[in-house]
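First the structure, in the form of structure tokens, and then the observations on it.
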Amino acid sequence: MRTLILSDLHLGGLSRSDLLRRAELRAPLLELAAGVERVVLLGDVLELRHGPVRDAMDAARPFFEDLGRALGDGELIVTAGNHDHALVEPWLAARGAELEPHPLGLEQLLEPAQVSPALERISTWVAPARMRVAYPGLWVRPDVYATHGHYLDCHLTVPTLERLSVGVMSRVLGRSATTFDCVDDYESVSAPVFAWRDAVARAAHTGDALNGIATVSAWRTLGGGHNGSTGPARRFDRAAVLRALRGRALIAGFPVAVAALNRAGLGPLRAEVSTSELRRAGLRAMGEVAARLGLGDSYVVFGHTHRTGPLPGDEQQEWRGRDGARLVNAGSWTYASIFLTSAAGESPYWPGGCVLVEDDGPPVVLRLLQERTREEIRPPRQAPTPAAG
């Protein structure tokens with residue numbers, strides 16, 4: 001079955017960095033979707049950390065209706081990631097109420113009405129296409145497994161907010177990621193973290209610390225980024241000076257803070273936050289997940305980190321898990337200015353990535369917006385965007 005996989009749409013984000021809400025940018029994707037039998041949306045489909053589900057649903061509806069028309073009598077598979085875990089939480093809660101629930105497998109295939117009212121509603125929008133829900137992933141082919149990838153945060157060496165959150169939960173529960181060997185292990189430390197954040201966002205828009213804006217600011221400072229302004233020097237700005245001083249303090253104190261987190265048992269963490277280390281750390285962590293879940297040398301398609309690949313010029317060995325899993329990342333459909341260069345398609349974080357899986361042969365990475373200029377994809381209203389993952 002010819003299958004198109006894409007991830008990290010983040011539809012409904014406050015910053016309007018979700019590019020598929022714009023008809024002109026979803027056109028190339030819909031054209032491709034019309035020629036496949038199945039589309040898989042691989043998690044973080046909706047942005048549910050910024051505010052109520054209803055807001056994200058309203059923003060997402062035109063995309064789903066267009067996708068349903070493009071697919072026709074084809075099939076849509078939706079799974080959940082860390083930013084839209086609330087979509088599957090009702091089903092997980094009902095399952096937990098059973099006296100002796102069966103262990104979670106690598107693939108649970110469900111009808112939308114079994115899972116949540118939100119997914120049931122989406123299934124009506126994509127008609128005439130049929131929709132099902134897969135969690136935590138889907139066997140696309142006997143040798144191709146697709147999942148969002150949020151379990152990798154349990155093994156990440158970069159101190160992201162997500163990594164620290166699951167690290168604290170592991171300590172509280174006494175469940176170390178070094179012992180994990182099944183889906184239930186990963187859910188035990190991640191689902192409580194997601195549930196708390198989802199509860200905060202249920203009734204109103206969230207603040208910078210939870211919606212990712214504060215994280216982006218910190219990454220920009222640690223990575224030596226700037227706000228992109230150019231032009232003649234401006235008069236003395238006391239606020240700008242204070243921000244610069246705080247930035248220097250953050251840079252100086254970051255290695256000390258990371259060392260303290262390691263001593264507290266939340267590691268192993270590293271103080272390097274370059275884009276190269278982000279890539280390497282994410283791939284190492286996803287390879288570890290693949291090994292612990294017994295995926296062998298299968299192709300493992302994931303998202304979460306927003307870094308499309310492997311791309312020409314990438315070190316192929318980095319994209320192999322320790323047990324031989326062949327990693328493939330579908331990228332994202334969000335505009336994250338901190339990771340983008342001025343040249344169209346140059347950055348591996350350039351939005352518009354997807355993966356095409358045929359009946360045989362390796363999955364193929366496609367980049368549908370790589371010819372679009374930065375100005376063409378820039379959101380109408382400038383604002384910081386949530387960090388990858």
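All of the numbers you see were taken from the coordinates with simple rules; none came from a lab. Note that the coordinates shown come from a computational prediction; the quantities given were computed from them, not determined experimentally. As a convention, Cβ positions derive from the backbone with ideal geometry for all residues, glycine included, and neighbour counts pool all protein chains shown.
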Applying the Karplus parametrisation 6.51 cos²θ - 1.76 cosθ + 1.60 with θ = phi - 60° to the phi angles of region 163-169, what ³J(HN,Hα) value in whole Hz is obtained for each residue in order, glycine and proline being reported as x?
-> 4, 5, 5, 6, x, 5, 5
Region 55-65 - phi-based ³J(HN,Hα) in whole Hz, Karplus 6.51/-1.76/1.60, Gly and Pro as x = 5, 5, 4, 4, 5, 7, 4, x, 4, 5, 5
Inter-label distance, nm, simple model (7 Å from Cα along the C-beta direction), T178/D58 = 5.0 nm
Rounded to two decimals, what is Rg over Rh for region 103-144 when you use alpha-carbon atoms and the Kirkwood radius?
-> 1.04
Cα-based Kirkwood hydrodynamic radius, region 17-71, one decimal, Å = 12.0 Å
Could you give the spread of the C-alpha atoms of region 247-380 along their three principal axes, from largest to smallest, in whole angstroms?
-> 49, 44, 24
Describe numerically, in nm with one decimal, the distance between label points set 7 Å from Cα along Cα→Cβ at S188 and at E111.
-> 3.3 nm
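Please give the length that would be gained between H102 and R284 if that part of the chain were fully extended, namely 0.36 nm times their separation in residues minus their C-alpha to C-alpha distance (nm, one decimal). Could you put the intermediate results ahead of the total?
Numbers: separation 182, 0.36 × 182 = 65.52 nm, distance 2.98 nm.
Gain in length upon complete extension: 62.5 nm.
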In sequence order, what are the phi-derived ³J(HN,Hα) couplings for region 114-119 according to the Karplus relation 6.51 cos²θ - 1.76 cosθ + 1.60 with θ = phi - 60°, rounded to whole Hz, with x for glycine and proline?
-> 6, 9, 6, x, 5, 5
Beta carbons within 10 angstrom, averaged per residue: use that to sort the peptides 132-144, 295-307, highest first.
-> 295-307, 132-144
Could you give the length gained on full extension between L356 and Q370, defined as 0.36 nm per residue of separation minus the Cα-Cα distance, in nm?
-> 3.4 nm
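By how many nm would the segment from A93 to R378 lengthen if fully extended, with 0.36 nm per residue of separation less the alpha-carbon distance?
Details: separation 285, 0.36 × 285 = 102.60 nm, distance 3.88 nm.
Taking 0.36 nm per residue and subtracting the Cα distance, the gain is 98.7 nm.
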